[in-house]
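First up is the structure itself, then whatever we jot down about it.
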Amino acid sequence: KNQVEQSPQSLIILEGKNCTLQCNYTVSPFSNLRWYKQDTGRGPVSLTIMTFSENTKSNGRYTATLDADTKQSSLHITASQLSDSASYICVVSANAGNNRKLIWGLGTSLAVNP
Amino acid sequence: ETGVTQTPRHLVMGMTNKKSLKCEQHLGHNAMYWYKQSAKKPLELMFVYNFKEQTENNSVPSRFSPECPNSSHLFLHLHTLQPEDSALYLCASSQESGNYYEQYFGPGTRLTVT
């Protein structure tokens, strides 16, 4: 069964600290993995997209890693800011011929406190 | 802003009402999507349109009726909804509906069914 599991479910950190969010998946055949940021009351916004051959990709203070062998991804946030408070969602795309299926995780709710 | 707008942002309706959600994208994309986001559940894909043609309907109840008059506009017509239909309804668009195209989301419509 195609599944995406994220941990932790929620996280509270102090402004300026780093944190790492985890995503484990059982999706086959794998096509790509995306991380989205969703602010409260807003739609998700893409942070990174990674294909099978990529094992790290950065977007400013956000760095995503992908280990296709262990089917794990992480999102590292450096020097957190109050505006990083949001839900971070991992999405894995399964490639099945002409069909595409996105498997969405539940997200990690991050709160950055002053 | 992502280039995808949704109206209204908030909607309260009774179970016997008929209402419509509107989505417009200003990105020149050819694919548009409706998603449902409920608390404690991953995003659920409802409908996909590619070049104005519906290409996916994920077993959505008939009380939800989509309409795509052109590639820039997408509607979701609602009638005789149930309280469990209360959720955030997100519209998204992408260049096409293939595996590698990034989806851009609107801010969503927060729907409450009383």
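In the full protein assembly as shown, how much of A:Lys17 is accessible to a 1.4 Å probe, in Å² to the nearest 10?
120
Considering only chain B, what is the antiparallel percent among its DSSP beta bridges, to the nearest 5?
90
Would you mind classifying the range B:33-100 by shape? Square roots of the alpha carbon gyration tensor eigenvalues, ordered a ≥ b ≥ c; an a/c under 1.5 is rounded, otherwise it is prolate if a/b is larger than b/c and oblate if not.
Oblate is the answer for the range B:33-100, as a/c is 1.5 or above yet b/c matches or exceeds a/b.
With all protein chains present, calculate the accessible area of B:Met32 using a 1.4 Å probe and round the result to the nearest 10 Å².
For B:Met32, solvent-accessible area is about 0 Å².
Determine the order of B:Phe75, B:Phe64 by accessible area, beginning with the largest, at a probe radius of 1.4 Å.
Highest to lowest solvent-accessible surface, that is B:Phe75, B:Phe64.
Quick check: with the 1.4 Å probe, what order do A:Leu47, A:Leu14, B:Leu45, B:Leu78 take by accessible area, largest first?
The ranking, largest first, comes out as A:Leu14, B:Leu45, A:Leu47, B:Leu78.
Could you work out, residue by residue across B:100-108, how many beta carbons of other chains sit within 10 Å of that residue's beta carbon, and then give the average as an integer?
5
With a 1.4 Å probe and all protein chains in place, put A:Tyr25, B:Tyr100 in order of accessible area, largest first.
Final ranking, largest accessible area leading: B:Tyr100, A:Tyr25.
Roughly how many whole Å is it from the C-alpha centroid of the range A:1-70 to that of the range B:1-21?
29
Taking 0.36 nm per residue of sequence separation and subtracting the Cα-Cα distance, how much length would be gained by fully extending the chain between B:Thr16 and B:Gln54, in nm to one decimal?
Computed gain between B:Thr16 and B:Gln54 is 11.0 nm.
Mind checking which lysines have their C-alpha under 24 Å from B:Lys41, skipping anything on the same chain fewer than 8 residues away?
A:Lys1, A:Lys37, A:Lys71, A:Lys101, B:Lys22
Taking C-beta distances below 4.7 angstrom as the pairing criterion, name the unpartnered cysteines of the protein assembly as shown, in sequence order.
A:Cys19, B:Cys68
The values are calculated or read from the model by the stated rules, or taken from the named source; none is laboratory data. Just so we're clear, the structure is a prediction, and the values are computed from it rather than from any experiment. Positions of Cβ are backbone-derived with ideal geometry, glycine not excepted, and every protein chain shown enters the neighbour counts. What goes into the accessible areas is simple: the full protein's heavy atoms, side chains included, and nothing from ligands, DNA or RNA. Shrake-Rupley method; radii C 1.70, N 1.55, O 1.52, S 1.80 Å.
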